[in-house]
């Protein structure tokens with residue numbers, strides 16, 4: 001398997017590039033890569049390239065690369081924007097890791113009446129590292145965008161265009177696959193909303209009732225924030241993928 005490494009300045013590297021600090025250590029110490037090994041470098045904005053390690057400098061640690069032809073991948077056909085309450089502690093990392101592997105394009109932390117965790121100093125830097133590692137693992141060339149935190153009212157009033165679908169995780173919501181599939185038909189952007197573990201307050205539910213959002217049930221149990229976020233994201237990405245497959249012409253037909 002070709003190992004992926006993050007190179008944010010890939011577009012301007014030309015045929016030579018140098019990995020330093022975290023990425024150099026990941027290549028040499030974690031992956032035990034050596035001179036002559038071929039890797040894939042990506043910039044998180046859709047650009048990838050095959051690269052061969054030409055030199056490893058020990059102090060300071062640097063990995064020199066010979067970069068071959070670059071390729072730019074189109075962005076996802078539909079944006080998937082997860083807006084979620086923050087789980088406690090390390091569970092934030094678990095959530096972002098998994099939903100990035102599943103294919104979200106955007107993430108926004110949302111403050112609810114019953115929220116326990118809030119964005120703290122250093123959160124953005126920590127989350128960015130998680131997103132990079134998740135893109136490496138899942139070999140995704142587009143890294144999710146992380147937006148500033150907002151309140152539920154901001155999410156509700158955020159202007160949306162045609163082709164935007166709003167889905168809200170709620171235990172008493174819609175569970176029929178056919179209804180969910182129909183709601184996602186032709187979607188250009190899917191906004192996912194996951195509330196706190198204490199659930200939405202009555203006033204928040206009343207406000208959501210006045211929006212064009214579909215409440216979606218994820219099963220009979222009461223899920224933690226990260227479990228609900230992963231389950232809802234997986235449901236949407238799988239449904240969208242199935243829809244694209246069904247919409248492709250049958251190559252075997254006349």
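Derivation of every value follows stated rules applied to the coordinates shown; laboratory data play no part. Computed from a prediction, not measured in an experiment: that's the story for all the values here. Neighbour counts run over all protein chains shown; Cβ positions are idealised from the backbone, glycine included.
If packing is taken as the average number of other Cβ atoms within 10 Å across a peptide's residues, how do 219-231, 4-16, 116-128 rank, most packed first?
Listed from highest to lowest mean packing, they are 219-231, 4-16, 116-128.
Using packing as a proxy for protection, rank 233-243, 29-39 so that the peptide with the highest average count of other Cβ atoms within 10 Å comes first.
Per-residue mean Cβ counts within 10 Å order the peptides as 233-243, 29-39.
Which FRET efficiency value, to the nearest 0.05, do you get for residue 149 and residue 91 by plugging their Cβ-Cβ distance into 1/(1 + (r/R0)^6) with R0 = 25 Å?
0.90
As an exercise, take the mean of 1/r over every pair of distinct alpha carbons in region 1-157, invert it, and state the Kirkwood radius in angstroms.
After inverting the pairwise mean of 1/r, the radius is 16.9 Å.
When the helices in the chain are scored as -39500 (n - 2.57) per DSSP H run of 4 or longer and the sum is shared across all residues, what 222 nm value do you end up with, to the nearest 500 deg cm²/dmol?
Value at 222 nm, helices only, nearest 500: -9500 deg cm²/dmol.
Between residue 121 and residue 176, how high is the FRET efficiency from 1/(1 + (r/R0)^6) when r is the Cβ-Cβ distance and R₀ = 41 Å? Nearest 0.05.
0.40
Highest first, please rank the peptides 210-216, 106-112 by the mean number of other Cβ atoms sitting within 10 Å of their residues.
Packing proxy ranking, top to bottom: 106-112, 210-216.
Beyond 29 Å, what share of the Cα-Cα pairs of region 79-247 is found? Please give it as a whole percent.
Of the Cα pairs, 14 percent sit more than 29 Å apart.
Working from Cα positions, state the angle (0 to 90°, nearest 10) between the long axis of helix 91-102 and the longest principal axis of the chain.
80
Can you give me the Cα centroid spacing of region 153-215 and region 24-94 in angstrom?
33
If I take R0 = 35 Å and measure r between the Cβ atoms of residue 157 and residue 9 in this structure, what FRET efficiency does the formula 1/(1 + (r/R0)^6) give, to the nearest 0.05?
Working from the Cβ atoms, E equals 0.40.
Hey, could you grab the Kirkwood Rh for region 121-177? Inverse mean 1/r over distinct alpha carbon pairs, Å, one decimal.
In region 121-177 this quantity evaluates to 14.8 Å.
Evaluated at 20 °C with a viscosity of 1.002 mPa s, what Stokes-Einstein diffusion coefficient in µm²/s does region 4-72 have when Rh comes from the Kirkwood expression over alpha-carbon pairs?
This corresponds to a translational diffusion coefficient of 184 µm²/s.
Antiparallel DSSP bridges in region 79-247: what percent, to the nearest 5?
Taking every DSSP beta bridge with both residues in region 79-247, the antiparallel ones total about 5 percent.
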